[in-house]
Amino acid sequence: QEAQDEFSLFDPQVEYIGERDLQLVGSTYYVAYDALSIAVRNAAKHGRHPGWLRIEYSVQDSGAGKLLAIRVDSLLKVNDSIEAALSRVEEAARAGPQDADIIEEGSGIRKLQKWRSERRILSFEICQPEARSDAICVSFTLPFEGIVE
């Protein structure tokens, strides 16, 4: 809804994929919420309108604890390409995580880098979904603190 408030033409069809209900607690909630907001806002700003989002999540055992893996797929604009989109992400990331909370320049990629350096996010990747030349995905994992119902 926040992305739609900012980009009124963004009215995505949303598909959720996850086999469990998760109750997030503590910093896990805030990091997951902000990371999802970054992915969805980028889809609204740079993607196709009205839009399509596929949000997949899972809790995985890592041996040392549990991880929350989240992936957001969205459609590129009609005349965009995965190569151009990845190039824009790479350019946004060049500045590094310094001052990410102050100077975002709209993408949030620097914030994800900052969280990775602080180990709040263990990894994030921007990629092309398998068998989709018209889409892009953002995936990230973070330490899971919460309850699986």
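The values are calculated or read from the model by the stated rules, or taken from the named source; none is laboratory data. Not measured: the values here are computed from a predicted model. Neighbour counts are summed over all protein chains in view; Cβ atoms, including those assigned to glycine, are modelled from backbone coordinates with ideal geometry. For accessibility, only protein heavy atoms count, side chains too; no ligands or nucleic acids. Shrake-Rupley method; radii C 1.70, N 1.55, O 1.52, S 1.80 Å.
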Contact order relative to length for the chain, counting C-alpha pairs under 8 Å separated by 6 or more residues, stands in percent at 29
Rounded to the nearest 500, the 222 nm mean residue ellipticity computed for the chain from DSSP H runs (n ≥ 4, each -39500 (n - 2.57)) alone is -9500 deg cm²/dmol
The stretch 26-75, convex hull of Cα, quarter of hull surface, nm² -> 3.8
Any GluC sites (Glu not before Pro) in the stretch 13-65 that lie in a DSSP loop and have at most 13 other Cβ atoms within 10 Å would be GLU19
Under the Karplus relation with 6.51, -1.76 and 1.60 and θ = phi - 60°, whole-Hz ³J(HN,Hα) for the stretch 119-135, x at Gly and Pro, equal 6, 6, 10, 7, 7, 8, 9, 10, 8, 9, x, 4, 6, 9, 8, 10, 9
Largest first and rounded to whole Å, the semi-axes √(5λ) derived from the alpha carbon gyration tensor of the chain read 24, 19, 15
Ranking ASP34, ASP21 from most to least accessible area with a 1.4 Å probe gives ASP21, ASP34
Scattering profile of the stretch 1-53 from the Debye formula, Cα beads only, expressed as log10 I(q)/I(0) at q = 0.13, 0.18, 0.23, 0.24 Å⁻¹, is -0.37, -0.66, -0.91, -0.95
Heavy-atom accessible area per residue of the chain, all protein chains kept, 1.4 Å probe, expressed in Å², is 58
In nm, the gap between the two label points placed 7 Å beyond Cα toward Cβ at GLN1 and ARG116 is 3.2
Bridge orientation stat for the stretch 1-133 from DSSP, antiparallel percent rounded to 5, came to 65
Probe 1.4 Å, all chains present, heavy atoms only: VAL59 accessible area in Å², nearest 10, is 30
